[in-house]
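So the structure is just underneath, and the comments pick up after that.
A short reminder: the numbers here are calculations on the coordinates, not readings from a lab. Quick caveat: nothing in here was measured; it's all calculated off a predicted structure. Here the Cβ positions follow ideal geometry from the backbone for every residue, glycine too, while neighbour counts run over all protein chains shown.
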Ligand code: HEM
């Protein structure tokens, strides 16, 4: 029977993960945590799994779920419904359990289809080419920051295109979504001070757009969501706005970080660029495994179950460190090596089970077009000083990633 490992070494390693050095490179710490045992306990009682098999099991176990809202007061969040930033999260797909989750996911999945994503390909390619024009112009004059010049605007514009947000309105969302999604990392009064007005502004904007599409439907996802009915069921206005807000927020910060983590990894391994061009889809899977934009997923025990052989009781919180699982040598050969030709590289970067990322096809589409295009148009691009990692444990990416390029 497995046991739970806890104590000073676990605490120290977890604390170090939250320092700037831990942000730079968490993977050494993950290795040590993974080898300490399958199930660890933090000082506050939270359980942690880090191995691939255990993280996969946690993501798929239906006895585990999102924290039910009636437990939120015990987590110090009694007034969650009064905060737009928390309301928009805890009532969204990312915060709910069956049967509500099943119903809402079915309603959105039948509008947000693979076909709709495929149809975005020409517009996405155009946006990528336009952004590369800009990036190349800037980089030819001196170091250019890839994050604001490319990694942010691309997903923002693609999700804007999908939902039907007019081009001129899109830029304002960058800061709004950043301020709002800060609650994914920590919920403090300071964070909420910016997150609440941001969430409210996004919701108000989307309410205006929904009203407009109800009057004059178009081909976009917002029109599909307002008009869609499935077996006599449809989204209420409240559900619709929460759903559209979630697609916006979930769809853009994460993909931004795939683009910046992926570019950094490629520029650090230039000898592998031919493999990127040979098979962009396989390369993007490896980049997702190697340095995932989402490093952990959070669950609460809803009904008695086991994790890593240990019995868990309802109410217990458990976090799966998927970023560590993606480097587990039990699952991947030589896991710390980037190998764009690695065949067997299905990772946990998009999660697993019923909450598996709804936007995975869209994120893949953007990255599979963007990376080869960037290197075709800007061969010889290099990393230069000034890269700065985001200060976040869950979301892994860069605030700044400077590159140089000589035409
Ligand atoms: C590289 C980019 C992305 C990564 C790494 C990523 C990662 C994830 C992960 C790990 C989850 C599961 C969270 C959990 O189990 O608690 C998730 C869920 C979700 N993602 Fe993504 N995501 C990305 C891009 C996108 C995009 C582009 C969209 C939308 C356009 C999107 C929409 C969603 C939604 C709606 C969910 C909730 C699904 C549910 O709970 O049923 N994501 N994502």
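Across the stretch 5-404, Cα pairs under 8 Å and at least six residues apart give a relative contact order of 26 percent.
Going from the fewest other Cβ atoms within 10 Å to the most, the residues 194, 66 appear in the order 194, 66.
Highest mean packing first, where packing is the average number of other Cβ atoms within 10 Å per residue, the peptides 248-258, 268-278 line up as 248-258, 268-278.
Indicate the gyration tensor shape class of the stretch 123-191 (rounded, prolate or oblate), computed on the Cα atoms with a ≥ b ≥ c the square roots of the eigenvalues: a/c under 1.5 is rounded; otherwise a/b larger than b/c is prolate and the rest oblate.
oblate
For the chain, a/c is not less than 1.5, where a ≥ b ≥ c are the root eigenvalues of the C-alpha gyration tensor, and a/b does not top b/c. That puts it in the oblate class.
Multiplying the residue separation of residue 382 and residue 228 by 0.36 nm and removing their Cα-Cα distance gives an extension gain of 50.7 nm.
Note on residue 406 and residue 74: the model spin-label points, each 7 Å out from Cα along the C-beta direction, lie 6.3 nm apart.
In the chain, helical runs assigned H by DSSP with n ≥ 4 each contribute -39500 (n - 2.57); averaged across all residues and rounded to the nearest 500, the mean residue ellipticity at 222 nm is -15500 deg cm²/dmol. Relative contact order, whole percent, for the stretch 64-175 stands at 16, derived from Cα pairs under 8 Å and 6 or more residues apart.
Can you tell me how the stretch 83-164 classifies by the Cα gyration tensor, rounded, prolate or oblate, using a/c under 1.5 as the rounded cut?
oblate
Distance from the alpha carbon centroid of the stretch 180-217 to that of the stretch 6-25 works out to 33 angstrom. The packing ranking, built from the mean of other Cβ atoms within 10 Å per residue, places the peptides 90-102, 279-291 in the order 279-291, 90-102, highest first. Highest mean packing first, where packing is the average number of other Cβ atoms within 10 Å per residue, the peptides 359-365, 69-75 line up as 359-365, 69-75.
If you take the Cα centroid of the stretch 231-283 and the Cα centroid of the stretch 299-319, the two points sit 30 Å apart.
Counted by neighbouring Cβ atoms within 10 Å, the residues 378, 354 run from fewest to most as 354, 378.
Inter-part distance, the stretch 129-159 to the stretch 321-389, computed on C-alpha centroids, equals 20 Å.
Normalised by the residues of the stretch 350-406, what does the relative contact order come to in percent, with Cα pairs under 8 Å and at least six apart?
After rounding, I find 27 percent.
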